[in-house]
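Please read the structure below before turning to the comments.
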Amino acid sequence: EHEDTDLLLQEQLEGQDYGAAAADGTQCPSVSVSRNSPTKKDCLVVAVLCFGNLINFIDWFIVPGILLDLQKYFRLSDGETGLLQTVFTLCYMLAAPIFGYLGDRYNRKIILGAGIFFWSGVTLGSSFITESHYRIFVLSRGLVGIGSASYSTIAPTIIADLFEEGKRTTVLSIFYIFIPVGSGCGYILAAGVAESTGDWHWAFRVTPCMGGLALLLLILLVPHRIQRRTAAHRALSISGTIQREVPDEMPDVHRAAKTTWCQDVGSLAQNCSFVCSSLGLTAMAFVTGALGVWMPLFLYRAQVVQGIVPPCLQESCNSSNSLIFGAITIGTGILGIIAGAEAARRLRKINNKADPLICATSMFTSALCLYIALMVAQTNILSTFIFIAFGELFLSVNWAVVTDILLYVVTPRRQSTAIALQILVSHLLGDAGSPYLIGMISNAVQARNIPSLQWSFQSMQYSFVICAFVGVLGGGFFLLTSFYIEEDREEAQR
């Protein structure tokens, strides 16, 4: 009987927008009741969001998957090649705060749909760019970054609305599994299509079709409105009866429109757990950005130096490294995210600081593995692949855990803004600059030495060492987070 009442009340109370309430704050917030398990509708929404996340990251890593072909086609130096991903990431991070602001105030489904349509269209258009229009190609990557920002900023907050804290970590883990899966599929799809067709342009014509399907699923399966499931709302349920009238003095998590964006930012800047974990995520982004763009090319140069493969002189270059690295990214990403979520679930029962400590340990271990991989690359390519796999595995442990930290140390009405700010900072100081920085250091090392295949490899090797040191720095920031996490979590709950 209680379950039937709960479902009836839930149906009657469907009406709260994905975004915040109207600016005048006169609408009564919707109220939901706690349930033991998610409904089929919730699962469908999550499935659609996961599919969109998959496409988002496939698009993100198409360029690294065919980087050698692009470098030859546009006749680019290492620095110019790194600029492609840097422009993408800069536009992505600059657009994120805008979408965070809009996501806290307006309908999130509409914003998601517009983002998918925009980035799919631009990706399709970029497949027709010729070799004399490199700048237009760079601009197209920047525009794709803007479309991707709308998705990465808003989709996690919809999951936060749908699920309470106990289930949220599990669902977020599933959602974030599609970051490495999409990234790996990006390498594999780009390299596979370019090799099978003999033309890298076709690699940019697959994901727009997938984007169209994602947009259709979003329209058909995701409801236009939904209620949030928060502690503040559950407190309104008394003895199976919902209080429909809410006094003005009660906390209202939907009145984000009453606060300015600057006030939200000021409040988040005083949240030590949010600041420190965001800086730790920034270090993660720096390392993953550099690895994602340059690692297949680094492996190719190592194999050339060892005499395993000949230098690429044909129109379409050997793409085996992109395929292998893509498979490693998928496998280690799935294992890492599942392991991170399970470790967090178990260790939280015995240590309230478990989440940041897990992140710190995984960052330190990942940095060590990556350093060893770089040092053995010239002599043993198999060992390089093994240590790269372990390095990526420990990096992947953190993805869902870091996001969950944000969601329980930040109040619900500031979550979209918090995620947008975290995206801004992590990309501005992280993977927005790391591909270009690695490329410029490589250029500088090559410029000081006689051009050769050996120095082409060593220049990239020396450049990559910085990633190991940044990984150690990130582990230190997560350790700092552990000192503040309990206090900030209690404050967010209040």
Self-check item: Two-decimal Rg to Rh for the stretch 38-224 - Kirkwood Rh, Cα set
Solution: 0.99
Quiz item: How much area per residue is accessible in the stretch 38-224 when the probe is 1.4 Å and only protein heavy atoms are counted (Å²)?
Solution: 34
Exercise. Enter the accessible area of residue 361 (Å², nearest 10), with the probe set to 1.4 Å and all protein chains included.
Key: 90
Quiz prompt | Under 24 Å between alpha carbons - lysine pairs in the stretch 38-224 that sit 8 or more apart or on different chains | solution = 5
Quiz item: Just the accessible area per residue of the stretch 264-493, please: how many Å² with a 1.4 Å probe?
Solution: 39
Practice problem: Quickly work out the residue 469-to-residue 196 label distance, labels modelled 7 Å from Cα along the C-beta direction, and quote it in nm with one decimal. | Solution: 4.4
Practice problem: First measure r as the distance between the Cβ atoms of residue 306 and residue 347, then evaluate 1/(1 + (r/R0)^6) with R0 = 35 Å and state the FRET efficiency to the nearest 0.05. | Solution: 0.25
Practice problem: Work the Kirkwood hydrodynamic radius out for the stretch 49-146: mean of 1/r over every pair of different alpha-carbon atoms, inverted, in Å. | Solution: 14.4
Exercise. Have a look at the stretch 366-494 and give its Rg and Dmax from the Cα atoms, expressed in angstrom.
Key: 18.8, 64
Quiz prompt | the stretch 38-224, accessible surface, carbon-and-sulfur percent (1.4 angstrom probe) | solution = 74
Quiz item: Percent of accessible area on the stretch 264-493 owned by carbon and sulfur, 1.4 Å probe?
Solution: 66
Self-check item: Taking all pairs of distinct alpha-carbon atoms in the stretch 264-493, Kirkwood radius in angstrom
Solution: 18.6
Self-check item: Inter-site label distance for residue 216 and residue 452 at 7 Å from Cα along Cβ, in nm
Solution: 5.7
Quiz item: Which three semi-axes in whole Å describe the equivalent ellipsoid of the stretch 294-367, each the square root of 5 times a Cα gyration tensor eigenvalue, listed largest first?
Solution: 39, 13, 7
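The values are calculated or read from the model by the stated rules, or taken from the named source; none is laboratory data. What you see is a predicted model; the values in this text were computed from it and never measured. Methodologically, a virtual Cβ is constructed for each residue, glycine included, from the backbone with ideal geometry; neighbour enumeration extends over all protein chains shown. In case anyone asks, the SASA skips ligands and DNA or RNA and just uses the protein heavy atoms, side chains included. Shrake-Rupley method; radii C 1.70, N 1.55, O 1.52, S 1.80 Å.
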